[in-house]
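The values are calculated or read from the model by the stated rules, or taken from the named source; none is laboratory data. Nothing here was measured: the structure is a model prediction, and the numbers come from that model. Cβ placement follows ideal geometry from the backbone for every residue including glycine, while neighbour counts extend to all protein chains displayed.
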Amino acid sequence: MSEANIEIARRAYAAFALSGIEGILPYLDPEIEWRMWERFSREPRVFHGHDGVRRALGIFEENYDDFKAEPKEFIDAGDRVVVPVRLSGNVKGTGKLAEFNIVQVWTANGTRAGRLDVYSSREEALAALGMDEDAPGDE
């Protein structure tokens, strides 16, 4: 199932790049639990369902023009996929480029992701999963 989960994550990022928030929703379970990294969240850190995803990602769209999420690699972790991501966008009203590096951990069932956790680093995410920091990725 790990290859299927990696493919879900790949397609979800591609859909987000093409169609934004609504594009990613078919790859997420309607009851998804999205746990944001506290640096980005003005609301509770856990968002539920598709409406929660809209709120979570809406934080970025409210504050940045040309917001992008670029995955750097896909690390197989069984029913999870660890994805270091570069977020970038131009701060609204200033045009100043802002960039953030985070790591998203997708928990999927082969057809959709049911949970997404966000960490500040690859090492933090892998440690949370009990994995070696040298885990190979699929770039």
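Restricting attention to strands (runs of 3 or more DSSP E) lying wholly within region 61-139, give those where 3 or more residues are among the aromatic types (Phe, Trp, Tyr), over 13 Å from ALA9 (Cα atoms) and touching a residue at least 24 places away in the same chain (Cβ under 8 Å). Working first, answer last.
Details: elements: 64-71, 75-77, 80-91, 97-108, 113-119.
No strands (runs of 3 or more DSSP E) qualify here.
Within region 86-107, being of a type in the set (S, T, N, Q) and loosely packed, with under 13 Cβ neighbours inside 10 Å holds for one residue alone: THR94. Across region 29-63, the qualifying residues are those that are crowded, with 19+ Cβ neighbours inside 10 Å and among the aromatic types (Phe, Trp, Tyr), and the one among them that is modelled with the lowest pLDDT is PHE47.
Could we say that GLU22 is acidic (Asp, Glu), outside any strand (DSSP E or B) and under 17 Å from THR111 (Cβ atoms) here? Don't jump to the end; show me each part of the working.
Working: acidic (Asp, Glu): yes; outside any strand (DSSP E or B): yes; under 17 Å from THR111 (Cβ atoms): no.
The answer is no for GLU22.
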